[in-house]
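Trainee: Structure below; questions to follow.
The values are calculated or read from the model by the stated rules, or taken from the named source; none is laboratory data. This is a predicted model, so every value here is computed, not measured. All Cβ positions, glycine included, derive from the backbone under ideal geometry; neighbour counts span all protein chains shown. Side chains are part of the model used for accessible areas, which takes the heavy atoms of the whole protein and leaves out ligands, DNA and RNA. Shrake-Rupley method; radii C 1.70, N 1.55, O 1.52, S 1.80 Å.
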Amino acid sequence: DAVTPEKKAEAREITMRMVEEGGYGDKLIAVRANGVGTPWMKDDIAAIAASKADILIIPKVSSPDTLFMVNELLVKYQAKRTLGVWAMIETAKAVMSVKSS
């Protein structure tokens, strides 16, 4: 959200280059994608799926359907099975959609 629309692609390229270059020791590398419904989200997920990132962060998740859709994209882009997905629950609607197990 902090990157202007005209700089989104450039920011993605820089971020992916930094992930690939490494140098972070044994730390987990988490990369936040743009939110669902934005024109950049699918390209972000494709890039993260193909990278050395350990975790894909999905912001503004409002329902389980979002995570099902993200999973379909990860399969489509052949993400490694060890790529974690962190869902950011940021709204009251999203909190009400969370089910405890």
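Trainee: What are the residue pairs meeting all of these: first residue in the range 1-19, first residue over 20 Å from Leu83 (Cβ atoms), second residue in a helix (DSSP H, G or I), Cβ atoms under 7 Å, and 6 or more apart or on different chains?
Mentor: Qualifying pairs under 7 Å: Val3/Ala11.
Trainee: Let me ask something else. Working carefully through the options Val61, Val36, Val75, find the one that is in contact with a Ser or Thr (Cβ under 8 Å, 6 or more places away or on another chain) and either open to solvent by 40 Å² or more (accessible area, probe 1.4 Å) or not in a strand (DSSP E or B) (or both).
Mentor: On the way: Val61 fails: in contact with a Ser or Thr (Cβ under 8 Å, 6 or more places away or on another chain); Val75 fails: in contact with a Ser or Thr (Cβ under 8 Å, 6 or more places away or on another chain).
Of the residues listed, the single one that is in contact with a Ser or Thr (Cβ under 8 Å, 6 or more places away or on another chain) and either open to solvent by 40 Å² or more (accessible area, probe 1.4 Å) or not in a strand (DSSP E or B) (or both) is Val36.
For every residue, the table says whether it meets (1) touching a Phe, Trp or Tyr at 6+ places or on another chain (Cβ under 7 Å); (2) modelled with pLDDT of 95 or more; (3) of a type in the set (Lys, Arg).
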residue: Met16; (1), (2), (3): no, yes, no
residue: Leu28; (1), (2), (3): no, yes, no
residue: Val31; (1), (2), (3): no, yes, no
residue: Ile55; (1), (2), (3): yes, yes, no
residue: Pro64; (1), (2), (3): no, no, no
residue: Glu72; (1), (2), (3): no, yes, no
residue: Lys93; (1), (2), (3): no, no, yes
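Trainee: Failed condition for Gly22, given (1) surrounded by fewer than 15 Cβ atoms within 10 Å (Cβ to Cβ); (2) in contact with a Gly (Cβ under 6 Å, 6 or more places away or on another chain), with all others met?
Mentor: Looking at each condition in turn, Gly22 falls short on (2).
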